[in-house]
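Structure first, commentary second.
What follows is calculated from the coordinates using simple rules that are stated; it is not laboratory data. All values reported here derive from a predicted model rather than from experimental measurement. Note that we place each Cβ from the backbone using ideal geometry, even for glycine, and neighbour counts take in every protein chain shown.
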Amino acid sequence: MADYKEIISAYKDLPGGIIEAYHAIQKEYSYIPEDAVVAAAQAFDISKARAYGVATFYSYLKVGKRGKNVIRICESAPCHVAGADKVVAALEKELGIKMGETTEDGKFTLEFTECVGQCQATPLITINSKPYGDVTTEKIPGIIAEY
Amino acid sequence: MAEEMRIVLRNYGKIDPLKIEDYINAGGYKSLAKARGLSQIQVIDEVKNSGLRGRGGAGFNAGMKWSFSYNTPADQKYVVCNADEGEPGTYKDRIIMENDPHTVLEGMAICGYAVGATKGYIYCRGEYPYVVDVLNKAITQAKAQGVLGDFDIEVRMGAGAYVCGEETALLESIEGHRGEPRFKPPFPGVAGLWGKPTVVNNVETFANIPIILEKGADWFKGIGAPKYPGTKVFTLTGDVVNKTVFELPTNMTIRDVVFGMGGGVAGGKKFKAVQIGGTSGGFIPESMLDTQVDFDSMNAIGATLGSGAVFVMDETTDLIDVIERITKFFEHESCGKCTPCREGTKRMHEILKKINSGKGSGADIAITERLGQVMTRACLCGLGQAAPGPVLTTLKNFRPDYNAKLG
Ligand SMILES: Cc1cc2nc3c(=O)[nH]c(=O)nc-3n(C[C@H](O)[C@H](O)[C@H](O)COP(=O)(O)O)c2cc1C
Ligand code: SF4
Ligand code: FES
């Protein structure tokens with residue numbers, strides 16, 4: 001795994017590149033380690049408060065540990081009416097955790113998201129940004145088994 | 001009967017989006033060469049005269065917008081493509097970029113030439129990493145072929161903030177800040193990215209440019225509604241038979257979209273409502289289905305064309321439950337910079353939750369209406385101004401649904 005310091009230094013000369021750096025870190029770690037925010041503040045020559053402010057403004061970015069595979073369930077109106085609540089219940093049951101939690105082995109985290117632009121196939125979830133559409137309770141074990 | 005007309009999606013399914021040769025063989029990048037043979041003013045006038053209005057929601061004349069940047073002298077200018085597409089129910093920009101990335105690049109490069117910008121950014125939402133890959137491949141190919149000349153394009157990723165679709169918040173985000181909208185004026189055309197003149201246009205707007213240059217302003221102006229000419233790409237979702245993407249001339253009606261191309265309500269059920277333009281759009285009842293979909297006709301019935309999202313709901317839908325969900329969306333997405341939106345979206349959600357749980361009263365309805373009107377007028381940016389739209393239009397068009405839930 002690439003060190004977050006190396007990742008940050010690859011972006012530090014890019015104007016406004018801090019968000020790109022956070023994306024690259026999150027791609028490696030699946031989240032942004034707290035220390036990486038401090039390192040980013042130094043590299044981009046801004047205060048820690050600002051670097052933290054940017055990292056926490058955006059809901060796609062997560063500061064602090066989460067599971068290796070991030071499952072996000074869309075709860076925007078079109079997915080909501082298509083039965084997103086049933087998908088939530090099925091995933092919670094399958095993984096034995098609640099929304100917002102991570103499995104004990106650190107493999108999966110469950111999160112809500114707003115629309116991810118795949119509304120031709122509601123209800124919809126993403127795993128590490130890969131979309132799975134027209135999700136049913138029956139399909140869930142098969143999808144989870146891919147990871 | 002509605003018939004599809006593909007202008008923006010002219011290459012959809014016909015070319016391999018990852019092969020620039022396919023795009024070039026289909027006539028691609030000829031419009032850019034043609035533009036470069038004209039004066040900058042001629043290009044701007046052609047776009048202005050075509051009547052093309054922004055497809056990102058605000059409906060501003062594209063050529064006019066370009067002229068502001070052209071007329072502002074600066075050592076550096078920018079062209080920004082808004083590919084943030086966060087409006088729930090919308091997926092048209094993804095379809096365009098996935099299937100024909102070069103048409104967007106070509107449109108941006110034509111704009112760059114016209115206004116005198118040598119650098120372009122595509123701000124693509126972080127939820128579309130696969131689209132970012134397509135765009136980067138297309139840019140690499142275009143550079144290798146030398147078709148873009150001295151115009152450089154870079155892709156930047158959003159990170160899950162709906163408000164960053166608002167153009168000034170988007171610019172803040174490219175600059176590496178929290179995506180909070182700026183006060184306007186100055187408008188981006190005059191002082192945008194890093195304070196420089198910046199044209200911000202939507203993906204679909206740019207995708208219209210090459211063909212306008214190819215076929216001319218008069219050709220374009222003759223399509224669809226005279227005041228909002230051309231086509232619009234619609235994305236259908238909800239309880240409709242064909243949940244897919246269509247491109248229609250703008251003089252079609254909502255009924256053409258939902259019952260023509262959309263195939264009507266799924267499962268043989270009856271129609272209840274349609275929300276157009278994304279989650280901030282108005283709720284439209286059966287009685288208004290014969291309205292034309294163009295920008296001005298939609299505004300006239302208190303609805304919006306917006307992004308062209310079409311969310312169909314059948315007779316079994318609990319509208320108040322949908323509205324509660326929508327108010328939660330806005331509470332979540334408010335950036336918090338101004339008070340009427342930060343507090344207003346929170347209270348609006350609170351009241352809707354109360355009404356939806358059967359504990360609301362007539363007084364709650366009255367205060368919701370009042371709050372909605374205050375937000376529409378007092379919020380700093382379009383997010384807060386549009387947030388009460390779904391509540392206010394359902395209060396107007398579907399009041400019995402509220403009454404049935406009051407405690
Ligand atoms: C909250 C909010 C979200 C927006 N989201 C988008 C978006 O996702 N895509 C877009 O092109 N325009 C969006 N807009 C409109 C932009 O501010 C801007 O008007 C548009 O990008 C201009 O391009 P156009 O003239 O080609 O439509 C949004 C506006 C607001 C207030
Ligand atoms: S209206 Fe809402 S989103 Fe817009 S600036 Fe105010 S708080 Fe932020
Ligand atoms: S509403 Fe769920 S993906 Fe768009």
Checklist entry - Once you treat every alpha carbon in chain A as an equal point and sum by Debye, what is log10 I(q)/I(0) at q = 0.14, 0.16 Å⁻¹? => result -0.71, -0.86
Checklist entry - Among A:A145, A:I18, A:S30, whose Cα sits farthest toward the positive end of the charge dipole of chain A (+1 at Cβ of Lys/Arg, -1 at Cβ of Asp/Glu, about the Cα centre)? => result A:I18
Checklist outcome for this item: At q = 0.15, 0.17, 0.19 1/Å the base-10 log of I(q)/I(0) from the Debye formula over the alpha-carbon atoms of region B:312-407 is -0.52, -0.67, -0.82
Checklist entry - Nearest 20 debye, what's the magnitude of the dipole of region B:319-403 about its Cα centre given +1 on Lys and Arg Cβ and -1 on Asp and Glu Cβ? => result 140 debye
Checklist outcome for this item: In the structure shown, of B:K269/B:K354; A:K12/A:K65; A:K5/B:K119, the pairs separated by more than 26 angstrom at the C-alpha atoms are B:K269/B:K354; A:K5/B:K119
Checklist entry - With labels modelled as points extended 7 Å from the Cα through the Cβ direction, what inter-label distance (nm, one decimal) is found for B:W219 paired with A:A49? => result 5.7 nm
Next on the checklist: Taking each pair of distinct Cα atoms in the protein assembly as shown once, what is the resulting Kirkwood hydrodynamic radius in Å?
Outcome noted: 24.1 Å
Checklist outcome for this item: Of all trypsin sites (Lys or Arg not before Pro) in region B:300-407, the ones in DSSP coil with at most 14 other Cβ atoms within 10 Å are B:K359
Next on the checklist: Below 9 angstrom from the Cβ of B:G165, what's the summed charge of the other residues (Lys, Arg +1; Asp, Glu -1)?
Outcome noted: -4
Item to check | Qualifying trypsin sites (Lys or Arg not before Pro) for region B:15-78 [loop in DSSP, other Cβ within 10 Å: at most 14] | outcome: B:K19
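Kindly provide the GluC sites (Glu not before Pro) of region A:1-109 that DSSP labels as loop, not H, G, I, E or B, and whose Cβ sees at most 16 other Cβ atoms within 10 Å.
Those satisfying the criteria are A:E101, A:E104.
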Checklist entry - Per-residue mean of other chain beta-carbon atoms within 10 angstrom of the beta-carbon, peptide B:153-160? => result 5
Next on the checklist: Given contacts defined as C-alpha pairs under 8 Å and at least six residues apart, what's the relative contact order of chain A, whole-number percent?
Outcome noted: 19 percent
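Need one word for region B:337-380: rounded, prolate or oblate. Basis is the Cα gyration tensor (sqrt eigenvalues a ≥ b ≥ c); a/c below 1.5 gives rounded, then a/b vs b/c decides. List each step's numbers first, then the result.
On the way: a/c = 4.14, a/b = 1.86, b/c = 2.23.
Oblate is the answer for region B:337-380, as a/c is 1.5 or above yet b/c matches or exceeds a/b.
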Next on the checklist: Using Cα-Cα distances under 8 Å and only pairs 6 or more residues apart, what relative contact order does region B:225-314 have, in percent?
Outcome noted: 35 percent
Next on the checklist: Going through the cross-link list B:K19/B:K92; A:K139/B:K272; B:K137/B:K243; B:K30/B:K196, which pairs have a Cα-Cα distance over 24 Å in this structure?
Outcome noted: A:K139/B:K272; B:K137/B:K243; B:K30/B:K196
Checklist entry - Rounded to the nearest 20 Debye, what is the dipole magnitude of the protein assembly as shown about its Cα centre when Lys and Arg each give +1 and Asp and Glu each give -1 at the C-beta? => result 860 debye
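Among B:D75, B:D152, B:D16, which comes first, second and so on when ranked by fewest other beta-carbon atoms within 10 Å?
Lowest to highest Cβ neighbour count: B:D75, B:D16, B:D152.
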Item to check | Lys, Arg +1 and Asp, Glu -1 on Cβ, resulting dipole of region B:225-314 about Cα centre, debye, nearest 20 | outcome: 140 debye
Checklist entry - Restricting the count to DSSP beta bridges whose residues both fall in the protein assembly as shown, what percent are antiparallel, rounded to a multiple of 5? => result 45 percent
Item to check | Contact order normalised by residue count of region B:319-403, Cα under 8 Å, 6+ apart, percent | outcome: 33 percent
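In the neighborhood of B:D364, defined by Cβ-to-Cβ distances under 14 Å, what is the net charge if each Lys or Arg adds +1 and each Asp or Glu adds -1?
+4
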Checklist outcome for this item: Partner aspartates and glutamates whose C-alpha sits under 13 Å from that of A:K130, ignoring same-chain residues fewer than 8 away, are A:E146, B:E127
Checklist entry - How many angstrom lie between the C-alpha centres of region A:1-35 and region B:59-118? => result 28 Å
Checklist entry - Given chain B, what percent of its DSSP beta bridges are antiparallel, to the nearest 5? => result 45 percent
